[in-house]
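Single-structure report; data block below.
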Amino acid sequence: MNLTKRLLPAVPLVIFAALAGLFWQRLGSGDASNLPSALIGKAVPDFTLPALSGQTTQDGVAIPGFSKADLTAGHVSLVNIFASWCVPCREEHALLSQLANDDALKAQGLKLYGLAYKDKEANTKAFLTASGNPYQAIGVDGSGRTAIDFGVYGVPETFLVNKDGTIAFKFVGPLSAESLTTILRPQIDKALK
């Protein structure tokens, strides 16, 4: 009986530890890139995003914002949702630049759009100035409404849009060299056919 009285206070701690362990296992076992999207195979949502002010190409031409009409204009599009405050966005940025500079993809008409999610314009500009701008158009989504309409879980996320404006594929999380080669690039190639 004396042993039981001494162990009784430990029961809640043991239960808590078991539940915490189960939660941790479930949390760590999932692959975020496999999160489902109800929009796959459906038209991109209706939206219009203003341009990030003051952004120009090397030729001095203003970089526009974009809308649904741009994604239904007969070319394959990649829409990357990013933010300057997002560390994984910064990590994947070089890979997006690599895609943007791929001459074969450019020749096939792939266009890369950036959606600046809930970010201050000054911070987005500083990020793109320091890291380079891989985007042909940059839309400012200060309220996050357009990202919600796309079904975004968090940043970064990348959507592949077919020539007809339907969402073909969604990649959740930061791109890595491996995921670019084994997951996203085959999806892009499939959409370009």
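The values are calculated or read from the model by the stated rules, or taken from the named source; none is laboratory data. All figures in this text were calculated on a predicted structure; none of them were measured in a lab. Using ideal geometry, Cβ is built from the backbone for each residue, glycine included, and neighbour counts are taken over all protein chains shown.
Of all residues in region 83-134, those being among the hydroxyl-bearing types (Ser, Thr, Tyr) and touching a Ser or Thr at 6+ places or on another chain (Cβ under 7 Å) number 3. Selection of region 68-116 for residues being over 21 Å from Leu175 (Cα atoms), among the polar types (S, T, N, Q) and surrounded by fewer than 17 Cβ atoms within 10 Å (Cβ to Cβ) yields only Gln108.
Here Leu78 meets the list (1) part of a helix (DSSP H, G or I); (2) at pLDDT 70 or above almost entirely, failing just condition (1). Surrounded by 15 or more Cβ atoms within 10 Å (Cβ to Cβ) and within 22 Å of Ile40 (Cβ to Cβ), is that true of Ala168? It is true that Ala168 is surrounded by 15 or more Cβ atoms within 10 Å (Cβ to Cβ) and within 22 Å of Ile40 (Cβ to Cβ). In the set (1) modelled with pLDDT under 65; (2) in a loop (DSSP other than H, G, I, E, B); (3) polar (S, T, N, Q), Gln25 fails one condition alone, (2).
Tell me yes or no: at least one residue of region 49-57 is crowded, with 19+ Cβ neighbours inside 10 Å and either modelled with pLDDT of 95 or more or within 16 Å of the chain's Cα centre (by Cα) (or both).
Yes, region 49-57 contains a residue that is crowded, with 19+ Cβ neighbours inside 10 Å and either modelled with pLDDT of 95 or more or within 16 Å of the chain's Cα centre (by Cα) (or both).
With respect to the conditions (1) modelled with pLDDT of 95 or more; (2) touching a Leu at 6+ places or on another chain (Cβ under 6 Å); (3) over 19 Å from Ala191 (Cα atoms), Ser97 falls short on a single one, namely (2).
In the set (1) within 14 Å of the chain's Cα centre (by Cα); (2) over 19 Å from Lys42 (Cα atoms); (3) acidic (Asp, Glu), the condition left unmet by Glu121 is number (1).
In region 60-71, the residues that are over 15 Å from Ala116 (Cβ atoms) form Cβ pairs under 8 Å with partners that are crowded, with 17+ Cβ neighbours inside 10 Å and hydroxyl-bearing (Ser, Thr, Tyr), at six or more places apart or across chains, as follows: Asp70/Ser77; Asp70/Tyr113; Leu71/Ser77; Leu71/Tyr113.
As a summary of the residue check, Gly65 satisfies the conditions (1) over 17 Å from Gly132 (Cβ atoms); (2) touching a helix residue (DSSP H, G or I) at 6+ places or on another chain (Cβ under 9 Å); (3) buried (at least 19 other Cβ atoms within 10 Å of the Cβ) except for the one numbered (2).
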